[in-house]
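Trainee: Handing you this structure, nothing more for now.
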Amino acid sequence: MASRKRLPIGIQTFRKIREEGHYYVDKTGMAVDLAEAGGCFFLSRPRRFGKSLFLDTLKELFEGNRTLFTGLAAEDRWDWSVQYPVIRISFAGGQAFSRDDLNAWVNRQLEDVEAARGLPARVSDPRGRLHQLIQGLHRQTGHRVVVLVDEYDKPILDNLLEPDLARQLRDTLRDLYAVLKDADAHLKFVFLTGVSKFSKVNLFSGLNQLEDLTLEPRWSALCGYTQRDLETVFAPELYGVDLTTVRLWYNGYNWGGEAVYNPFDVMLYLKHRQFKPYWFETGTPTFLVDLLAQRGFFTPDLLKLRTRAEILSAFDVDHIEPEALLWQAGYLTLHGIREVTIGSWVYTLGYPNREVEASLNLSLLPALGQPAGVASDVTIILTEALLEGNLAAVRQAFHRMFSSIPHDWYRNNPIAQFEGYYASVCYCHLAALGLDLRAEDTTSKGRIDLVLQVPGRVYIFEFKVVDGPAEGQALAQIRSRGYADKYRRPGTVVTLVGIEFSKAERNVVGFEVAESVP
């Protein structure tokens, strides 16, 4: 068995990982493939997916630091006799509150390269300075220049709640990136990474040679760890680990090829041996939650959301679709691609794993009117009641959900007027439990609203909204359409739960239960 190494938690420097004896998942073969292809590339991945580490790996590769690649895939595949000049610009480690802040940020990084190469700056404008530096490096070394831009969109994303400032920063960055087209004759390789894919019209106008790798199956595992990576590279850490549960909780991110784990989740799980939302807790999606609430988004749709490529790419300060934000930020991932007609592709999105499903839905509850303290209590009660089959406690929990929502909240929030509001509240609570939950599950006779599976028991939920008292429609529909038939199997209790909500009462008025043991 291989000896244990250090877990590279939070380390984004290739040299540090290699020199200090940390575990390393070898991405250098893919780095060589990309470098040899040449050109100008863009890759969108969510935060904490190893984008910065991969860019740093490319930097060391192009600079010819061979000793760092000993024993790795790139060692025998790269021409180490050539050392290319590299300009690396990173927006990952700070924040810009004005156009001047952003310009100063870029200038500091260009100045570092100038000082290291002995190239004096003759202009202070970042756009002119970058163009001058590219030309100067090409003349000085005789080799075309490599430009690496990390988190190219962060200055904009940091200021989405200040649209005027976000537009100013977007326009400033657009002018900066336009230099890369003008300097094409001096460039060997360009690689930009970020979370969001802004439209070419608004941010990359003129950079027509930019090739988007985001949904290319070949590069799906460029960042992140595959199942094989986990089981081989980290084998010394896996004693006593339930790999099936780890996979359910943390694997599942997919961009058209092989699914991957988020590296941050893997590192912290292996360190603490507890299932917690490590990745999710690194960034609170306040803007996203508010946007979903404003749009009256039917939250059960998040389990299986169908959309087109133009929606996934339609992201800009003045035009943000919830589907695009969910997808690009990593809260939804690719579950399937289908060409409906020639050239017309439909993408099916869903949660990548239990961590994201449970955490995002818990975060959505306050936007649906649920006080945070009550949401936490109800989650605990529901978990215990559903595992024990205590339906009386389940009913009390559902009633408490809606009783706790202040009357003024309904008046001030248009989302409460949507037919799907009540089902959305129930769904978010159930999804926050981290159990096996399915929405709109298809049978030969229709679609079931929600199916929840726990050991030894399957719950089938149907929701109805009525104007007055309970009418018994929900349970009657489950029975008449034979929804339970799909789940009947030896040793499993199938529990039918019909729930009716009253618009007038703003609460549960009907809660009927039936059980069937095969």
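Trainee: I'd like the residue in the stretch 241-275 that is in contact (Cβ under 8 Å) with a residue 24 or more places away in the chain, outside any helix (DSSP H, G or I) and over 23 Å from Ser220 (Cβ atoms) and, out of all such residues, is least open to solvent (accessible area, probe 1.4 Å).
Mentor: In this case the residue turns out to be Val241.
Trainee: Return the residue satisfying two criteria in turn: it lies in the stretch 139-158 and is assigned to a helix (DSSP H, G or I) and farther than 30 Å from Arg45 by Cβ, and of such residues it is most open to solvent (accessible area, probe 1.4 Å).
Mentor: Filtering the stretch 139-158 for residues assigned to a helix (DSSP H, G or I) gives 139-141, 154-157.
Still in the list and also farther than 30 Å from Arg45 by Cβ: 139-141.
Working: Arg139: 164, Gln140: 88, Thr141: 41 Å².
Looking at residues that are assigned to a helix (DSSP H, G or I) and farther than 30 Å from Arg45 by Cβ, I get Arg139.
Trainee: Of the residues Pro490, Pro469, which is part of a loop (DSSP other than H, G, I, E, B) and at pLDDT 85 or above? Explain how you work it out, then say what you get.
Mentor: Working: Pro469 fails: at pLDDT 85 or above.
Matching residue, one of Pro490, Pro469: Pro490.
Trainee: Condition first: part of a strand (DSSP E or B), under 32 Å from the mean Cα position of the chain (by Cα) and touching a residue at least 40 places away in the same chain (Cβ under 8 Å). Can you find one or more residues in the stretch 164-186 that meet it?
Mentor: Taking the stretch 164-186 first, the residues part of a strand (DSSP E or B) are none.
Scanning the stretch 164-186, I find no residue that is part of a strand (DSSP E or B), under 32 Å from the mean Cα position of the chain (by Cα) and touching a residue at least 40 places away in the same chain (Cβ under 8 Å), so the answer is no.
Trainee: While we're on this one: Does Phe97 meet the test of being of a type in the set (Phe, Trp, Tyr), in contact (Cβ under 8 Å) with a residue 24 or more places away in the chain and in contact with a strand residue (DSSP E or B) (Cβ under 9 Å, 6 or more places away or on another chain)? Steps first, answer last, please.
Mentor: Working: of a type in the set (Phe, Trp, Tyr): yes; in contact (Cβ under 8 Å) with a residue 24 or more places away in the chain: yes; in contact with a strand residue (DSSP E or B) (Cβ under 9 Å, 6 or more places away or on another chain): no.
When the stated conditions are applied, Phe97 does not pass them.
Trainee: Just one of Leu230, Leu213 is modelled with pLDDT under 95 and either in contact with a strand residue (DSSP E or B) (Cβ under 7 Å, 6 or more places away or on another chain) or surrounded by fewer than 19 Cβ atoms within 10 Å (Cβ to Cβ) (or both); which is it?
Mentor: Values: Leu230 fails: modelled with pLDDT under 95.
Only one candidate qualifies: Leu213.
Trainee: Being of a type in the set (S, T, N, Q) and touching a strand residue (DSSP E or B) at 6+ places or on another chain (Cβ under 8 Å) is the filter; apply it to the stretch 172-200 and report the residue that is surrounded by the most Cβ atoms within 10 Å (Cβ to Cβ). Can you show your working first?
Mentor: Our first condition is that a residue be of a type in the set (S, T, N, Q); within the stretch 172-200, this holds for 172, 193, 196, 199.
Right, trim to touching a strand residue (DSSP E or B) at 6+ places or on another chain (Cβ under 8 Å) and you get 193, 196, 199.
On the way: Thr193: 26, Ser196: 22, Ser199: 14.
Among residues in the stretch 172-200 that are of a type in the set (S, T, N, Q) and touching a strand residue (DSSP E or B) at 6+ places or on another chain (Cβ under 8 Å), the one surrounded by the most Cβ atoms within 10 Å (Cβ to Cβ) is Thr193.
Trainee: Here is a list: Arg127, Arg108. Which entry is assigned to a helix (DSSP H, G or I), out of contact with any helix residue (DSSP H, G or I) (no Cβ under 6 Å at 6 or more places or on another chain) and open to solvent by 40 Å² or more (accessible area, probe 1.4 Å)? Before you say what the answer is, go through the steps one by one.
Mentor: Details: Arg127 fails: out of contact with any helix residue (DSSP H, G or I) (no Cβ under 6 Å at 6 or more places or on another chain).
Sole residue among the options that is assigned to a helix (DSSP H, G or I), out of contact with any helix residue (DSSP H, G or I) (no Cβ under 6 Å at 6 or more places or on another chain) and open to solvent by 40 Å² or more (accessible area, probe 1.4 Å): Arg108.
Trainee: Please work out which residue is farthest from Asn251 (Cα to Cα), limiting yourself to the stretch 327-354 and to residues that are part of a strand (DSSP E or B), hydrophobic (A, V, I, L, M, F, W, C) and free of Cβ contacts under 8 Å to residues at least 40 places away in the same chain.
Mentor: Restricting to residues being part of a strand (DSSP E or B), hydrophobic (A, V, I, L, M, F, W, C) and free of Cβ contacts under 8 Å to residues at least 40 places away in the same chain, the top hit is Val340.
Trainee: Please go through the stretch 291-323 and pick out each residue that is among the aromatic types (Phe, Trp, Tyr) and either exposed (fewer than 15 other Cβ atoms within 10 Å of the Cβ) or assigned to a strand (DSSP E or B) (or both). Show your work before the answer.
Mentor: Here is the first cut: in the stretch 291-323, the residues among the aromatic types (Phe, Trp, Tyr) are 297-298, 315.
Phe315, the sole residue that qualifies.
Trainee: Which of the residues spanning the stretch 210-259 are in contact with a Phe, Trp or Tyr (Cβ under 6 Å, 6 or more places away or on another chain), under 30 Å from Lys188 (Cα atoms) and not hydroxyl-bearing (Ser, Thr, Tyr)?
Mentor: Leu210, Glu211, Asp212, Leu213, Leu215, Cys223, Gly224
Trainee: Moving on to the next point. Restricting attention to the stretch 84-93, does a residue exist that is free of Cβ contacts under 8 Å to residues at least 60 places away in the same chain and open to solvent by less than 40 Å² (accessible area, probe 1.4 Å)? Working first, answer last.
Mentor: Step one: of the stretch 84-93, the residues free of Cβ contacts under 8 Å to residues at least 60 places away in the same chain are 93.
Then drop every residue that is not open to solvent by less than 40 Å² (accessible area, probe 1.4 Å), which leaves none.
No; the residues of the stretch 84-93 include none that is free of Cβ contacts under 8 Å to residues at least 60 places away in the same chain and open to solvent by less than 40 Å² (accessible area, probe 1.4 Å).
Trainee: Regarding Gly38, is this residue open to solvent by less than 40 Å² (accessible area, probe 1.4 Å), modelled with pLDDT under 95 and among the small types (Gly, Ala, Ser)? Show your work before the answer.
Mentor: Numbers: open to solvent by less than 40 Å² (accessible area, probe 1.4 Å): yes; modelled with pLDDT under 95: yes; among the small types (Gly, Ala, Ser): yes.
The answer is yes for Gly38.
Trainee: Here's another thing I want to ask about it. Residues being in contact (Cβ under 8 Å) with a residue 60 or more places away in the chain and acidic (Asp, Glu): count how many of those fall in the stretch 494-510.
Mentor: Quick first cut of the stretch 494-510, residues in contact (Cβ under 8 Å) with a residue 60 or more places away in the chain only: 495, 497, 499, 501, 506-508.
Then drop every residue that is not acidic (Asp, Glu), which leaves none.
Here the count works out to 0.
Trainee: Any residue in the stretch 326-336 that is surrounded by 14 or more Cβ atoms within 10 Å (Cβ to Cβ) and small (Gly, Ala, Ser)? Outline the logic, then answer.
Mentor: Here is the first cut: in the stretch 326-336, the ones surrounded by 14 or more Cβ atoms within 10 Å (Cβ to Cβ) are 326-335.
Filter once more, so that each one left must be small (Gly, Ala, Ser): 329-330.
Yes, because at least one residue in the stretch 326-336 is surrounded by 14 or more Cβ atoms within 10 Å (Cβ to Cβ) and small (Gly, Ala, Ser).
Trainee: Another question, if that's okay. In the stretch 3-45, which residues are farther than 16 Å from Val146 by Cβ, part of a helix (DSSP H, G or I) and within 23 Å of the chain's Cα centre (by Cα)? Let's see the steps before the verdict.
Mentor: So the first thing to find is which residues in the stretch 3-45 are farther than 16 Å from Val146 by Cβ, and the list is 3-13, 15-27, 29-30, 44-45.
Within this subset, residues satisfying the condition of being part of a helix (DSSP H, G or I) are 15-19, 29-30.
Across the stretch 3-45, the qualifying residue is only Met30.
Trainee: Out of (1) in a helix (DSSP H, G or I); (2) open to solvent by 20 Å² or more (accessible area, probe 1.4 Å), the odd one out for His429 is which?
Mentor: Of everything listed in (1) in a helix (DSSP H, G or I); (2) open to solvent by 20 Å² or more (accessible area, probe 1.4 Å), His429 misses just condition (2).
The values are calculated or read from the model by the stated rules, or taken from the named source; none is laboratory data. Computed from a predicted model, the values in this text were never measured in an experiment. Backbone-built Cβ (ideal geometry, glycine too); neighbour counts: all protein chains shown. Heads up: the accessible areas ignore ligands, DNA and RNA and are worked out on the full protein's heavy atoms, side chains in. Shrake-Rupley method; radii C 1.70, N 1.55, O 1.52, S 1.80 Å.
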